[in-house]
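What follows is a short report on a single structure.
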């Protein structure tokens, strides 16, 4: 067998017969140009290597021991490891190379795998099985994978405003491959605070031409992308057409714990809500009117819930983060404040509706993106985010440095509107929230929760957040 | 024992604690509880857990063995189960040992033998692989079948695809595409593949007349599902009983062992089978599996 030399692929082989690995398998893996060949002889050994290295492909014997203390090889250990890899490194392909491939549980495991778009751009399962007696076929499969990975590694990516790691680039490259593109221009759309990357991607075809449609790729952990995908199917596609992009595909193959979801826009967008807000209020008002109409699909289905302030806060800022804010909790008696009960109108909310998540077409039509946080929450949450994100989001934080007096008067409508930097927009948002909320307390509790969350980010405008928390506590009383 | 609660707790434990907990369960569970464990295994979700639970459920049959030895009870079913488990374990161990060696021989032969693709070594290695595949089937039919809903047409199509490249005649499937039935998919595949292999071998023999395609026909009734694999080959040269006995005398992979495997697989699912001559030429293998309550 002759294979291409010098190709990069990290392979982990889990095999308790060390001699067989050394004498038969390892030379074959070297032959096909694997970059790093890792070997483990137990479940524990494998999980350690996986946690310390970027493994592109796993070759797995099933009858393996758990660890030194439990040295008896057992098929259930191999299956357990396969399940572990599927959960923790969902994108990592597995080749089961074993003498136990006809076990019922093995067949079931393989059958249960959903196909995904692989490195060659075709749909296939990430789990394959070959008996050890056909190790030559197994190696041919790996050689094919090596060639495919090498081919997509040649796809060029030009990054603007972002730095993608090798797994994130792999997501983009599989997207290119599936669409017969040879390069991609990638520009960040969120310089936000989450772990995710939201990217505008333009694909470049074989003739060097840009493909005539714009796409958005969001990359995050598989768990978060699965949540986003479910949110899209459950909630976003109930909104009016053209107010959101459509899902093209999801990519996970060889991306370890990362996953990408790709959307295509029906309408071309040229700006975002923040850029309109900073350039003129009239266009912003037009966008907001349309946005209100779009989001009414969700807010029209609201139901009154009796909840505590703490319950609202935990929807926006999780308990484990809140618990770390010991000083302010003690100083302002927040634990007591959070016990207060109120009525709130709950409806589906985007829950991260800052200006970069609202793209705007040339006709000033808003297109909502980034659906990972969508949830049932107080029906003023998105409005509060629209009101407050200009003062906290890194994209605009430095843009305007408002006087503290503005936040001192946040809950005094007349005073607030007289000093607001965007008076028309503020007036619109205040009227909108009054249509949505149960009573003022829902709004106060939501502002409080939003401000608490800002304290959990590195380098936020702490002074503003603390002032809003103080005013929320005093206004609520 | 609250099995459901126990399974939930088990999933949250670290691997070594899971093993400890499963060992304790294996030692303490009563035969009745092991029946419940068998049922729970079918819904276990995670394959490793399913495999571990089935081990515990089946360990009951080994326990019965010691009871049989100390009493005069003539419990034929359990003796058979113990025997089957022993046969299955032995074949499994044998395959486990042989598999990597055969793999290595193939790898080294490809490197060391000139013109390997045309060599006798390659031909014999392919035959060895077929023998191991037959042993795998044999092992499987000795295990307790796991029943579930099967899309019958899809399962048969897979086997037909596997076999058809070796066949000189067409293989046609005459089974309703939407037929779903509770069966052991593994055993169904084994019966169909062995029956097809026999039919292909027979149809591939050179004769003056042109042969008709092989037909896999099947349908369900109120109480059972039935299949016929009909070929237009040489037909039966011996009585079925003689063919069955030949498992001890002829080379593995031949019709004898194939039929013995079919017999075991059909009876494991509580069914019946029959091999007869087809008019004017060839043979028909018919089998019927009763509906499960």
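Below is a table of values for the structure above.
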read-out	value
Segment B:148-160, residues that are away from chain A (no Cβ under 11 Å) and touching a residue at least 40 places away in the same chain (Cβ under 8 Å)	B:152, B:156, B:160
Residues within segment A:27-61 that are within 14 Å of chain B (Cβ to nearest Cβ), out of contact with any helix residue (DSSP H, G or I) (no Cβ under 7 Å at 6 or more places or on another chain) and assigned to a loop (DSSP other than H, G, I, E, B), tallied	1
Considering residues of segment A:449-477 that are touching a helix residue (DSSP H, G or I) at 6+ places or on another chain (Cβ under 7 Å) and not in a helix (DSSP H, G or I) only, the residue modelled with the lowest pLDDT	A:460
Count of segment B:92-114 residues which are in contact with a helix residue (DSSP H, G or I) (Cβ under 8 Å, 6 or more places away or on another chain) and within 7 Å of chain A (Cβ to nearest Cβ)	9
Residues (more than 17 Å from residue A:138 (Cα to Cα) and either outside any helix (DSSP H, G or I) or out of contact with any helix residue (DSSP H, G or I) (no Cβ under 8 Å at 6 or more places or on another chain) (or both)) located in segment B:115-132	B:115, B:117, B:118, B:119, B:120, B:123, B:124, B:127, B:130, B:131
Answer from A:152, A:157 - the residue that is free of Cβ contacts under 8 Å to residues at least 60 places away in the same chain, part of a strand (DSSP E or B) and more than 18 Å from residue A:21 (Cα to Cα)	A:157
Residue within segment A:176-188 that is out of contact with any strand residue (DSSP E or B) (no Cβ under 7 Å at 6 or more places or on another chain), over 21 Å from residue A:226 (Cβ atoms), away from every other protein chain (no Cβ under 14 Å) and buried (at least 20 other Cβ atoms within 10 Å of the Cβ) present	yes
Top-ranked residue of segment A:319-330 - restricted to ones that are free of Cβ contacts under 8 Å to residues at least 60 places away in the same chain and touching a helix residue (DSSP H, G or I) at 6+ places or on another chain (Cβ under 9 Å), ranked as surrounded by the most Cβ atoms within 10 Å (Cβ to Cβ)	A:329
Residue within segment A:259-272 that is assigned to a helix (DSSP H, G or I), crowded, with 22+ Cβ neighbours inside 10 Å and either under 16 Å from the mean Cα position of the chain (by Cα) or assigned by TED's automatic domain parsing to the domain that holds residue A:56 (or both) present	no
Hits in segment A:9-26 (condition: in contact with a strand residue (DSSP E or B) (Cβ under 9 Å, 6 or more places away or on another chain) and either buried (at least 21 other Cβ atoms within 10 Å of the Cβ) or part of a loop (DSSP other than H, G, I, E, B) (or both))	A:9, A:11, A:12, A:13, A:14, A:15, A:16, A:21, A:25
Residues located in segment A:268-297, provided they are touching a strand residue (DSSP E or B) at 6+ places or on another chain (Cβ under 7 Å) and under 20 Å from residue A:447 (Cβ atoms)	A:273, A:291
Flag for residue B:215 being closer than 26 Å to residue A:102 by Cβ, touching a strand residue (DSSP E or B) at 6+ places or on another chain (Cβ under 6 Å) and in a strand (DSSP E or B)	no
Members of segment A:298-314 that are buried (at least 16 other Cβ atoms within 10 Å of the Cβ) and within 18 Å of residue A:239 (Cβ to Cβ)	A:298, A:299, A:302
Residue identified as surrounded by 22 or more Cβ atoms within 10 Å (Cβ to Cβ), within 30 Å of the chain's Cα centre (by Cα) and more than 8 Å from every other protein chain (Cβ to nearest Cβ) among A:110, A:127, A:146	A:146
Residue, surrounded by the most Cβ atoms within 10 Å (Cβ to Cβ), within segment A:62-82, restricted to residues that are farther than 24 Å from residue A:110 by Cα and within 8 Å of another protein chain (Cβ to nearest Cβ)	A:70
Boolean, residue A:140 is under 23 Å from the mean Cα position of the chain (by Cα) and within 14 Å of chain B (Cβ to nearest Cβ)	no
Single condition residue B:143 does not satisfy, out of (1) within 8 Å of another protein chain (Cβ to nearest Cβ); (2) free of Cβ contacts under 8 Å to residues at least 40 places away in the same chain; (3) in contact with a helix residue (DSSP H, G or I) (Cβ under 8 Å, 6 or more places away or on another chain)	(2)
Residue match in segment A:85-98 (condition: more than 9 Å from chain B (Cβ to nearest Cβ), surrounded by fewer than 17 Cβ atoms within 10 Å (Cβ to Cβ) and farther than 29 Å from residue B:94 by Cα)	yes
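Yes or no, residue by residue, for (1) farther than 27 Å from residue A:196 by Cβ; (2) touching a strand residue (DSSP E or B) at 6+ places or on another chain (Cβ under 7 Å):
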| site | (1), (2) |
| --- | --- |
| A:317 | no, no |
| A:321 | no, no |
| A:326 | yes, no |
| A:341 | yes, yes |
| A:373 | no, no |
| A:389 | no, no |
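The values are calculated or read from the model by the stated rules, or taken from the named source; none is laboratory data. Here the structure is a predicted model, which is why all the values come from computation and not from measurement. For neighbour counting, all protein chains shown are included, and Cβ atoms are generated from backbone atoms with ideal geometry for every residue, glycine included.
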